[in-house]
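Just so it is clear, none of the values below were taken in a lab; they were calculated from the coordinates. Keep in mind the model is a prediction, meaning the values are calculated, not measured. Neighbour counts are summed over all protein chains in view; Cβ atoms, including those assigned to glycine, are modelled from backbone coordinates with ideal geometry.
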Amino acid sequence: MKVRLRMFAVLRERSGVSEMEIELVDGATVAAAMEEVGRRFGAIAELLPRAVAAVNLCYAKAGDSLHDGDELALIPPVSGG
C-alpha cells in the first residue's frame, strides 16, 4: 500500500523532505511506518520516538493501522519558553 508522508520542522530540515510517498505492507501500523522512515532517514531516527503522528489530520497511536492512500504526518517534539 502507498501512504503519503509529511514531515514538519526539524524532521523536514534534517531529512530534506517535506512530503513523499512511501510503500508499506498492507496493514502496517504507524509504528512500522515510523521505523521505515527512520531507516530511510538516519539523520532523524533519534527524534522519531518522541514525534507525534497524525493520520488523515487526526492524532494517531503507534498501534493504529494505516490504509492505502492515508496521509501520515510526523510532528517533532517542540520546546519553548
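Matching residues to (1) of a type in the set (S, T, N, Q); (2) in contact with a Pro (Cβ under 9 Å, 6 or more places away or on another chain); (3) in a loop (DSSP other than H, G, I, E, B):
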site	(1), (2), (3)
3	no, no, no
6	no, no, no
10	no, yes, no
17	no, no, yes
31	no, no, no
53	no, no, no
63	no, no, yes
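Residue by residue through the stretch 56-74, note down the ones that are in contact with a Lys or Arg (Cβ under 9 Å, 6 or more places away or on another chain) and closer than 17 Å to residue 37 by Cβ. Scanning the stretch 56-74 gives 70, 71, 72, 73, 74. Once the stretch 11-30 is narrowed to residues that are surrounded by 16 or more Cβ atoms within 10 Å (Cβ to Cβ) and out of contact with any Phe, Trp or Tyr (no Cβ under 9 Å at 6 or more places or on another chain), the residue that is nearest to residue 55 (Cα to Cα) is 30.
Mind counting the residues in the stretch 28-37 that are over 13 Å from residue 17 (Cα atoms) and touching a helix residue (DSSP H, G or I) at 6+ places or on another chain (Cβ under 9 Å)?
Here the count works out to 3.
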